[in-house]
Each structure stands twice: as structure tokens, then as C-alpha cells.
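The values are calculated or read from the model by the stated rules, or taken from the named source; none is laboratory data. These numbers were taken from a predicted model, which means no experiment stands behind them. We place every Cβ from the backbone using ideal geometry, glycine too, and count neighbours over all the protein chains shown. We work out accessible area using only protein heavy atoms, side chains counted, and drop any ligands, DNA or RNA first. Shrake-Rupley method; radii C 1.70, N 1.55, O 1.52, S 1.80 Å.
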Amino acid sequence: MSEGRGQERSQGAAAPGGLERVNPPELSPPTGFSHAVRAAPGTLVFLAGQTALDGAGRIVGNGVVEQFERALANLLTAAQAAGARPGDLAKLTVFAVDVADYRSNAAAIGQVWKRLVGADYPAMAVIGATRLWDEAALVEIEGFAVVR
């Protein structure tokens, strides 16, 4: 997710959902993530790992960008069902079976993020995984949201 270099580099005001993205100027500029996210009092929503499964339980999408989009859409569906909006996402972990492929598609993945979530990024990490539960899955996304 290479978009996001324009995010504020310092502490900012809390967003409507009660989350404040904190990007200290002494750290490297965040690119597609926030260094920290401070949550106001609220309800934690833990979001299970989501892959590119369709409603019938089949992995869909040719390539990491399409699978990321479906996995993120699935995560957002679970979040919404629990009362969380995209702006309530506080922390996400992306597991990728090929981190080099993920990195080479970072710009396109960033565009998917902006279209589905917007310009704010939660605290994030991308972790390389040998394989995921479903062998056809290229990415899995899990995390938590804070709902006020």
C-alpha cells in the first residue's frame, strides 16, 4: 500500500469514530499504515482472518490484488455486521504467501484500500506466511476495530 505518504506525521485530533492516527515526525514516514492508533473508550471488535472466499466457500480472484480486495471486502462485511465502520479499524495484520508479490502490487493494493476504506490507515503489518488455511489463498487479513 504505497499510498498514504501524505498522512500527517504527528499526532492529530481523534476521528469521528474515536480513533486517533499517531505518526511521530521522528519516525520514518508511514506508507500505507499508521505507526500507532490510539482508541478512545469504546467497544473492541475482534475480526477473524478473512481470505478471498466467496459465499459458497471458494477462493476467488486471480492474483494478490483481486484476492486482497475480496479479503478486505469480507473483513469489512464482518466488521459492519458487528457495528463497525471502515474508519473504526484500529489494527490489521495481512498475511501474504508471497511478500515480494504483495510489495510489487502495493500501488494497486493501495488503490483498493482507498476505494473500500478511504484515506485513513490503521496500524498495520504484513507478515510472510508459508501457506494459509486454504491453500489457494494468497492473502489473509485479520484485526480489530473500536466502536464508540
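Identify the trypsin sites (Lys or Arg not before Pro) of the range 33-94 meeting these criteria: DSSP loop state and at most 11 other C-beta atoms within 10 Å of the C-beta.
For trypsin sites (Lys or Arg not before Pro) across the range 33-94 that sit outside H, G, I, E and B with at most 11 neighbouring Cβ atoms in 10 Å, the list reads ARG58.
Residues with amide H under 5 Å of LEU47's amide H, sequence separation 5 or more or different chain, H placed in the peptide plane at 1.01 Å from N; which?
Answer set, sorted by chain and number: GLY143, PHE144, ALA145.
Once you have the Cα-Cα distance between PHE46 and ILE127, take 0.36 nm times their residue separation minus that, and quote the gain in nm to one decimal.
Full extension from PHE46 to ILE127 adds 27.3 nm.
Can you list the HN-Hα couplings for the range 122-139, worked out from phi with the Karplus curve (6.51, -1.76, 1.60; θ = phi - 60°), rounded to whole Hz and with x for Gly and Pro?
In residue order, the calculated couplings are x, 5, 9, 9, 10, 10, x, 10, 4, 7, 10, 3, 8, 4, 7, 6, 9, 9 Hz.
Given a 1.4 angstrom probe, I'd like the percentage of the accessible area of the chain that is carbon and sulfur, rounded to a whole number.
In the chain, the share of accessible area belonging to carbon and sulfur is 54 percent.
Given the Cα-Cα distance of VAL99 and GLU66 and 0.36 nm per residue of separation, how much length would full extension add, in nm?
Gain in length upon complete extension: 10.4 nm.
Quick one: pull the percentage of alpha-carbon pairs in the chain with a separation above 22 Å.
Roughly 37 percent, once rounded to a whole number.
Go ahead and set up a Gaussian network model of the chain, Cα springs under 10 Å, then flag whichever of LEU92, LEU53, LEU19 fluctuates most.
LEU53
Just the number, please: Stokes-Einstein D of the range 87-148 in µm²/s, Kirkwood Rh from C-alpha pairs, 4 °C, 1.567 mPa s.
Estimated via Stokes-Einstein, D reaches 103 µm²/s.
If you stretched the chain out fully between THR31 and ASP134, how much longer would it get, using 0.36 nm times the residue separation minus the C-alpha to C-alpha distance?
In short, 34.2 nm is gained.
What is the set of long-range amide H partners of ALA36 at a cut-off below 5 Å, with H atoms built 1.01 Å from backbone N?
Close amide H contacts, sequence-distant or interchain: VAL22.
May I ask you to evaluate 6.51 cos²θ - 1.76 cosθ + 1.60, the Karplus curve with θ = phi - 60°, for each residue of the range 103-113 and list the ³J(HN,Hα) values in order in whole Hz, giving x for glycine and proline?
4, 5, 9, 4, 5, 5, 5, x, 5, 4, 4
Would you compute, from DSSP H runs of 4+ residues alone, the mean residue ellipticity of the chain at 222 nm, taking -39500 (n - 2.57) per run and dividing by the full residue count, rounded to the nearest 500?
-7500 deg cm²/dmol
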